[in-house]
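Please treat every number below as a calculation from the coordinates, not as lab data. These numbers were taken from a predicted model, which means no experiment stands behind them. Please note: Cβ atoms are built from the backbone with ideal geometry, for glycine as well, and neighbour counts cover all protein chains shown.
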Amino acid sequence: MKCPFCNHPESKVVDSRLGKDKDTIRRRRECLGCHKRFTTSERAEDALPLIVKKDGRREVFNRLKIFNGLKKACEKRPISINMIEKIVNRIELHFQERGEREVKSSEIGERVMEELHRLDGVAYVRFASVYRQFKDIQEFMDELKDLLGNREEAKKK
């Protein structure tokens, strides 16, 4: 494991623990070059589907892309990194459990939007505005009206 401080190619593990989510192992390492310590996280690779992009290209499932998209949408909102990580875990698990070899990127985007819709209206609209690429302000306003209508219905119940 390369040191993030000095890029020395070797380190030693000084401690290993099960991660909070019980799906990862956290390792405390010490660089054999500069002797600084750093933490890594290890996760077993599961059989994840290939992602079929809009243009037909195929990519390996990348949870970091989902995490970064969620993080950007949730910027300056009262949503913790732990909550974002839980959402990514749920999305990843959902597509693993389906057992399909390929999944359209649009399905992942819709799943992210469902999660954000339940979590935070502002984050949802931010993500939707980028993801859906609204053609004009009217499409954007229609989405906002729909969101506000759903919120009012939920309050009545």
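Using a 4.7 Å Cβ-Cβ cutoff, the cysteines of the chain lacking any partner cysteine are Cys74. For the stretch 50-156, a simple Cβ point-charge model (Lys and Arg +1, Asp and Glu -1, everything else neutral) yields a dipole of about 300 debye relative to the Cα centre.
Calculated mean residue ellipticity, 222 nm, the chain: -15500 deg cm²/dmol, from DSSP H runs (n ≥ 4) at -39500 (n - 2.57) each, averaged per residue and rounded to 500. The stretch between Glu110 and Leu18 holds 30.0 nm of extra length on full extension. This uses 0.36 nm per residue minus the Cα-Cα distance. For Lys53, the aspartates and glutamates whose Cα falls under 18 Å of its own Cα, not counting residues fewer than eight places away in the same chain, are Glu92, Glu100, Glu102, Glu107, Glu110. For the stretch 72-141, trypsin sites (Lys or Arg not before Pro) are listed when DSSP marks them as loop and at most 12 other Cβ atoms sit within 10 Å of their Cβ; the list is Lys76, Arg101, Lys135. Pairs of Cα atoms in the chain fall into 10 Å distance bins, from 0 up to the last occupied one, in shares of 9, 28, 30, 21, 9, 3, 0 percent. Counted by neighbouring Cβ atoms within 10 Å, the residues Val60, Val130, Val103, Val88 run from fewest to most as Val60, Val130, Val103, Val88. So, R0 is 35 Å and r is the distance between the beta-carbons of Ala44 and Glu143; what FRET efficiency does that work out to, to 0.05? Calculated transfer efficiency: 0.35.
Taking amide H atoms as placed 1.01 Å from N in the peptide plane, the amide H of Lys104 lies under 5 Å from those of Val52, each 5 or more residues away in sequence or on another chain. Based on C-alpha pairs under 8 angstrom that are at least 6 apart in sequence, the stretch 50-156 has a relative contact order of 28 percent.
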